[in-house]
1. Return the calculated 222 nm mean residue ellipticity for the chain, to the nearest 500 deg cm²/dmol, obtained by summing -39500 (n - 2.57) across DSSP H runs with n ≥ 4 and dividing by the residue count.
2. Let's test the formula: R0 of 56 Å, r as the Cβ-Cβ distance of Thr73 and Phe402. What FRET efficiency results, to the nearest 0.05?
3. Using alpha carbon centroids, what distance separates the stretch 427-443 and the stretch 331-393, in Å?
4. Starting at the first residue of the stretch 378-392, write each ³J(HN,Hα) from the Karplus equation 6.51 cos²θ - 1.76 cosθ + 1.60 with θ = phi - 60°, in whole Hz, x for Gly and Pro.
5. For the modelled label position 7 Å from the Cα of Ala84 along Cα-to-Cβ, which residues of the stretch 1-43 have backbone nitrogen atoms closer than 11 Å?
6. Given contacts defined as C-alpha pairs under 8 Å and at least six residues apart, what's the relative contact order of the chain, whole-number percent?
7. Counting other C-beta atoms within 10 Å, which of Ser380, Ser54, Ser301 has the fewest, and how do the rest follow?
8. What number, in percent, do you get for the relative contact order of the stretch 60-126 if the mean sequence gap of Cα pairs under 8 Å and at least 6 apart is divided by its residue count?
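We did not get these values from a lab; they are worked out from the coordinates using the rules stated. All figures in this text were calculated on a predicted structure; none of them were measured in a lab. We place every Cβ from the backbone using ideal geometry, glycine too, and count neighbours over all the protein chains shown.
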Amino acid sequence: MTLFRHGVASADPLPDGVLLWTRCTVDGTAPVAVEWWVGRTPADVVTRGSTVASPDRDHTVQVDVTGLEPATTYAYGFSAGGEASPVGRARTAPAPDGPMDRLRIGLASCAHWSGGYFNAYANLAARDLDLVVHVGDYIYENDILGRSRRAVRALRPGGALVTLDDYRARYAQYRSDPDLQALHARHPVLAVWDDHELAGGAWRGGAAAHRPERHGEWEARRAAAVQAYFEWMPVRRPDHASVFRTVRLGPLADLVLLDTRLVGRDRPATDGHRPALTAGRTPRSLLGEDQWRWLAGEVTSSTARWLLVGNQVMMAPLRMLNGAGGVGVNPSQWDGYPTERRRLYDLLQGAGRATGVAVLSGDIHSSWAADLPVGAEFVSPSVTTDSFAKTLLPGIPGAAGFARLWFLAQNRHLRLADITHHGYVTLDVTGERIQGDWWHLGTVARRDRGERWGGGWQLREGRLGLVRAGAPAT
Ligand SMILES: [Fe+2]
């Protein structure tokens, strides 16, 4: 296999279609004619077609397949030059008037290549899921561990990404990973970017990690990162400059995916964890007016049982200790934008969503379950990026256990706190409840699929406040 060495992927399912992706690895810049097929099985093809892998998309291919049946699992694949791609599996969305059945959703974020192996992706790939939501930091633009002893594996090429070729090369390395390929081949992945797909601490006018004297113009770097993103990530590109969009999942759920990074975020109050509970006193925008208008329309028109909101940064308040021994918040989360957060709750409550909202987030490299005024939040730990404990409490043995208790005491709306583990979350959605389960890995230092259940909490229909759940039967 030389041509399709970056695997296959599906994304953004519709009741009658799904988006498919692959890439052709070729020498030179000649376009490549590519055939694609979709079938109940590889032997029972229901639709096929052809497209071209062209150098202006880095020889990536995206096909928006239509004419399929709702809530149906399909096989798919590509061929070119006498070679066949691996066979992927895709699942279409339920029909809007279909049965109020059941949805199983994976949730992941934050996968620094140098931090370790993608065991979380391997385990997600092995699970029986309808789709996986990835809330960002799918790649990292930095090479913070470099060649230090703490780097489990090396980025090639290393260094920070600045140019289009840089960003393309990093996606190519990520997609060489067999566990990430397995995830994409097995489940539709619904992705939005966070900051590190561009640069650490990104906001609409720059990034904390962007230094013009070293990295040049922000606009040029952002354009390069965004182009590589839409080439390499299977995303049905919306008709605007961002990734915010809605994926409708039948009568059970509408999934609204937000962009809290690039399109409307004002610069955070401070860069980093400064001792400020007042970080957000100055009204700052997080979504921007265009996204607000769109979101208000989506929320008002949504009639599904649950409204799932996929978003990058944690929405629930999180009081934390800062380096100076005081109490602060992280101003890059919704805590730094409290006026906007209040406005969002008002919007939801005003549109008849006083309950039944589940926010799915990541970015903070730790596991949290939180009660929200409109439902609950499920925060996924990192796939590999250094845990919150490692960043917060480097080298202090036993401190994470104490910190956990401190967080729960200081933040009474929290139901689950774990700042140590890598892993992911699964959400089991029925008409009666959403059960979130946290899955924590034994290690990311080698390929090892060992994991344990880190706890489960249920959001029940028409209710506020999470309820403790028993371990699921897996
Ligand atoms: Fe991250």
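1. Details: 9 runs with 90 residues, N = 474.
Value at 222 nm, helices only, nearest 500: -5500 deg cm²/dmol.
2. Efficiency, rounded to the nearest 0.05: 0.75.
3. 16
4. Karplus-based 3J(HN,Hα) across the stretch 378-392 equals 10, 10, 7, x, 7, 5, 9, 4, 2, 5, 4, 4, 5, 6, 7 Hz.
5. Those under the cut-off are 42-43.
6. On the way: 1218 pairs, mean separation 69.8, N = 474.
It rounds to 15 percent for the chain.
7. Ser301, Ser54, Ser380
8. With pairs under 8 Å counted, the relative contact order is 23 percent.
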